[in-house]
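Engineer: This is the structure, below, for whatever I ask next.
No lab work stands behind these numbers, since they all come straight from the coordinates. No experiment lies behind these values; they were computed from the predicted model shown. So basically every Cβ, Gly included, is an ideal-geometry build from the backbone, and we count neighbours across all protein chains shown.
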Amino acid sequence: MSKETGKNPLRAAPSGPLEGSIRPPGDKSISHRALMLGALALGETSIEGLLEGEDVLATAAAMRAFGATVARDDTGVWTVRGLGVGGLLEPEGVIDYGNAGTGVRLAMGLAGSHGFATTFTGDHSLVGRPMGRVFDPLRRMGVQILSRSGDRLPATIKGPDVPVPIEYRVPVASAQVKSAVLLAALNFSGTTTVIEPVATRDHTERMLAAFGAAIETTVAEDGVRTITIDGGADLHPQKIVVPGDPSSAAFPIVAALIVEGSDVTVENALLNPTRAGLIETLTEMGGDIAIDNRRTVGGEEVGDVRVRASRLKGVAVPADRAPSMIDEYPVLAVAAAFAEGETRMEGIGELRVKESDRIAMMAAGLKANGVDVEDGPDRLVVRGNGRPEGGATVETALDHRIAMSFMIMGLATRKPVTIDDQGPIATSFPAFRDMMAGLGARFESVDGG
């Protein structure tokens with residue numbers, strides 16, 4: 001670690017073929033939800049394969065603050081002894097969610113149906129991210145929200161004296177907003193309806209149904225999804241096996257495509273259709289990707305993804321695919337840098353309000369490494385040249401996906417690529433460095449990193 005900056009830089013150097021099998025950490029979205037619904041179930045829920053990154057550990061700490069018993073045994077299995085729907089207790093202190101945007105937005109929905117006050121905050125990055133899209137439907141449900149900055153953290157949430165079930169049409173494609181409303185509705189008397197013009201990841205609906213919630217989803221001919229949930233139903237504890245996170249699997253998948261001679265299998269990868277946009281896009285780009293051993297685990301489709309090095313070509317990624325791969329655009333931009341021709345990514349304005357402005361961060365990092373890039377309010381255009389020059393140091397801005405994306409890039413550029421700080425990687429993929437090195441990736445410490 002640099003004594004001057006407090007950062008922990010890391011360099012990725014051009015590598016030989018990547019070979020072998022890798023099992024990515026558990027899916028972050030499912031991990032958050034498993035802990036939360038376990039806290040609302042009456043009895044003990046067991047969770048295997050929970051992602052033990054900082055974001056999910058923040059949710060484990062939050063559920064403890066609400067009174068649930070959350071523990072991990074020596075085999076890595078987590079147990080949650082819940083308090084029942086409506087049974088959460090008032091936290092004694094402020095709940096600090098660190099950098100976990102998904103976790104805090106869902107937890108605000110969870111707390112919003114209880115009659116006590118809960119104050120949420122986060123790190124420097126999280127308190128700068130907009131929360132208004134969650135505040136708006138919660139306020140319509142009668143939840144009181146106090147925030148000095150209007151639509152940002154810190155914020156205090158207090159449930160209504162008289163809950164108001166609502167019909168809410170989600171204005172932007174956001175599984176977080178939908179999930180916050182559904183979690184709040186669990187403790188409201190009556191039926192709450194969420195209308196989704198564009199389908200987003202459906203882990204909340206799947207898991208609520210598995211826990212016994214009275215939830216139903218219908219899909220119209222035009223693709224609009226209507227989700228109804230009746231409040232007041234008891235949730236029943238479950239045994240959950242968390243599949244591999246497709247957002248984490250994206251990094252070894254892209255690495256195998258761009259490093260010459262590579263042959264890598266990503267085991268136990270989640271294949272939920274609402275999360276499959278990256279594999280679909282990389283296949284369109286000419287990627288040699290095959291899926292073996294398809295199976296269903298805990299209501300979710302999983303499989304083993306075999307990836308071999310490929311000559312990629314640029315494509316136009318349709319805007320309506322964005323919800324199914326929103327977190328994978330940074331590493332897709334890296335793949336596009338090694339493709340022949342132009343890759344256009346449209347309808348991705350959501351990336352500007354993630355852990356960082358990911359459009360701006362990717363554009364700057366790619367340009368610094370010799371890639372022709374054009375960006376706009378909701379688009380990114382990458383003009384690949386087969387093998388970029390590399391050689392630059394990239395700012396990560398506390399964003400784990402920016403950090404990992406440029407580590408993947410440096411494995412195949414002509415010169416090494418350095419990130420200014422590897423610390424953020426621990427939020428979602430603590431074993432990233434070791435797992436990639438096990439496949440043959442060359443990562444080199446810098447200034448003691």
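Engineer: Explain nothing, just the number: dipole magnitude of region 12-87 about its Cα centre with +1 on each Lys and Arg Cβ and -1 on each Asp and Glu Cβ, in debye rounded to the nearest 20. Write down the numbers at each step before the final one.
Structural biologist: On the way: 6 positive and 9 negative charges, 54 e Å.
Taking the Cα centre of region 12-87 as origin, the dipole is about 260 debye.
Engineer: To continue, here is another question. To the nearest 20 debye, what is the magnitude of the charge dipole of region 28-229 about its Cα centre, counting +1 on the Cβ of each Lys and Arg and -1 on the Cβ of each Asp and Glu?
Structural biologist: 460
Engineer: Would you mind checking which residues have amide H under 5 Å from Ala214's amide H? H placed 1.01 Å from N; only 5 or more apart, or other chain.
Structural biologist: Asp230, Ala233
Engineer: At what distance in nm do the modelled label points of Thr274 and Thr191 sit from each other, each positioned 7 Å from its Cα along Cα→Cβ?
Structural biologist: Calculated label separation equals 2.0 nm.
Engineer: Under 14 Å from the 7 Å Cα→Cβ point of Glu92, by amide nitrogen: which residues of region 43-84?
Structural biologist: 64-68
Engineer: If you find the alpha carbon centre of region 285-342 and of region 403-449, how far apart are they in angstrom?
Structural biologist: Distance between centres, Cα-based: 20 Å.
Engineer: Then there is this: Obtain the nm distance between the two label points defined at Thr79 and Glu167 by a simple spin-label model: each point lies 7 Å from its Cα along the Cα-to-C-beta direction.
Structural biologist: Here the answer is 4.5 nm between the modelled labels.
Engineer: Picking from Ala368, Gln176, Gly115, whose Cα lies most toward the positive end of the charge dipole for the chain (charges on Cβ: Lys, Arg +1; Asp, Glu -1)?
Structural biologist: Ala368
Engineer: Right, next: At a 10 Å Cβ-Cβ cut-off, how would you order Ser248, Ser21, fewest neighbours first?
Structural biologist: The fewest-first ordering by Cβ neighbours comes to Ser21, Ser248.
Engineer: Still on this structure: Using θ = phi - 60° and the Karplus relation 6.51 cos²θ - 1.76 cosθ + 1.60, list the HN-Hα couplings for region 314-322 in order, rounded to whole Hz, with x at every Gly or Pro.
Structural biologist: Listing the rounded values in order: x, 9, 9, 8, x, 4, 6, 8, 3 Hz.
Engineer: Around Gln422, with a cut-off of 14 angstrom between Cβ atoms, what is the net charge of the other residues, counting Lys and Arg +1 and Asp and Glu -1?
Structural biologist: Here the count lands on -4.
Engineer: Same structure again: Which GluC sites (Glu not before Pro) in region 213-321 sit in a loop by DSSP (not H, G, I, E or B) and have at most 10 other Cβ atoms within 10 Å of their own Cβ?
Structural biologist: Glu221
Engineer: To make sure I understand the rule: partners must be aspartates and glutamates, Cα under 13 Å from the Cα of Lys239, and not fewer than 8 residues away in the same chain. Which ones qualify?
Structural biologist: Glu44, Glu48
Engineer: Using the Cβ atoms and a cut-off under 9 Å, what net charge is assigned to the surroundings of Ala319, where Lys and Arg are +1 and Asp and Glu are -1?
Structural biologist: Summing Lys/Arg as +1 and Asp/Glu as -1 gives -1.
Engineer: Another question about this same structure. Mind checking which of Thr396, Thr75, Thr118 has the largest fluctuation in a GNM of the chain, springs on alpha carbons under 10 Å?
Structural biologist: Thr75
Engineer: Now for a different question. Taking amide H positions as placed in the peptide plane 1.01 Å from N, state which residues far from Gly20 in sequence (5 or more) or on other chains have amide H under 5 Å from it.
Structural biologist: Those lying under 5 Å, H to H, from Gly20 are Asp263, Thr265.
Engineer: Something else: Applying the Karplus parametrisation 6.51 cos²θ - 1.76 cosθ + 1.60 with θ = phi - 60° to the phi angles of region 151-168, what ³J(HN,Hα) value in whole Hz is obtained for each residue in order, glycine and proline being reported as x?
Structural biologist: 10, 9, 7, x, 8, 10, 10, 9, x, x, 5, 10, x, 10, x, 10, 10, 10
Engineer: Spin-label point model (7 Å from Cα, Cβ direction): what's the Val224 to Thr121 distance in nm?
Structural biologist: It is 4.2 nm.
Engineer: Further, regarding this structure: At a Förster radius of 25 Å, what calculated FRET efficiency corresponds to the Cβ-Cβ distance of Val353 and Leu146, to the nearest 0.05?
Structural biologist: About 0.70, to the nearest 0.05.
Engineer: Under a GNM of the chain (C-alpha, springs under 10 Å), which listed residue has the highest mean-square fluctuation: Ala336, Ala155, Ala322?
Structural biologist: Sorting by GNM fluctuation, first place goes to Ala155.
Engineer: Taking K and R as +1 and D and E as -1, what net charge do the other residues with C-beta under 15 Å from the C-beta of Phe211 add up to?
Structural biologist: -3
Engineer: Now for a different question. Would you mind pulling out the separation of the Cα centroids of region 68-119 and region 1-63, in Å?
Structural biologist: So the separation of the two Cα centres works out to 17 Å.
Engineer: Taking only the alpha-carbon positions of the chain and ignoring solvent, what does the Debye formula give for the base-10 log of I(q)/I(0) at q = 0.08 Å⁻¹?
Structural biologist: At q = 0.08 Å⁻¹ the computed log10 ratios are -0.44.
Engineer: So, one more: So for the chain, taking the charge dipole from beta-carbon charges (+1 Lys/Arg, -1 Asp/Glu), which of Val162, Val94, Ala322 sits furthest toward the positive end?
Structural biologist: Comparing the listed Cα positions along the dipole, Val94 ranks first.
Engineer: In region 376-415, which trypsin sites (Lys or Arg not before Pro) are in a loop and have at most 13 other Cβ atoms within 10 Å, using DSSP for the loop call?
Structural biologist: Arg414
Engineer: Which shape class applies to region 28-229: rounded if a/c is under 1.5, otherwise prolate when a/b exceeds b/c and oblate if not, where a ≥ b ≥ c are the square roots of the Cα gyration tensor eigenvalues?
Structural biologist: Numbers: a/c = 1.41, a/b = 1.14, b/c = 1.23.
Note, shape of region 28-229 comes out rounded.
Engineer: Treating cross-link reach as a plain straight distance, find the lysines whose alpha-carbon is under 27 Å from the alpha-carbon of Lys313, omitting any fewer than eight places away in the same chain.
Structural biologist: Within the straight-line limit of under 27 Å, Lys313 reaches these lysines: Lys367, Lys415.
Engineer: Also, quick follow-up: Treat every Asp and Glu Cβ in region 69-168 as -1 and every Lys and Arg Cβ as +1, leave all other atoms uncharged, and give the resulting dipole magnitude about the Cα centre to the nearest 20 debye.
Structural biologist: That gives region 69-168 a dipole magnitude of about 300 debye.
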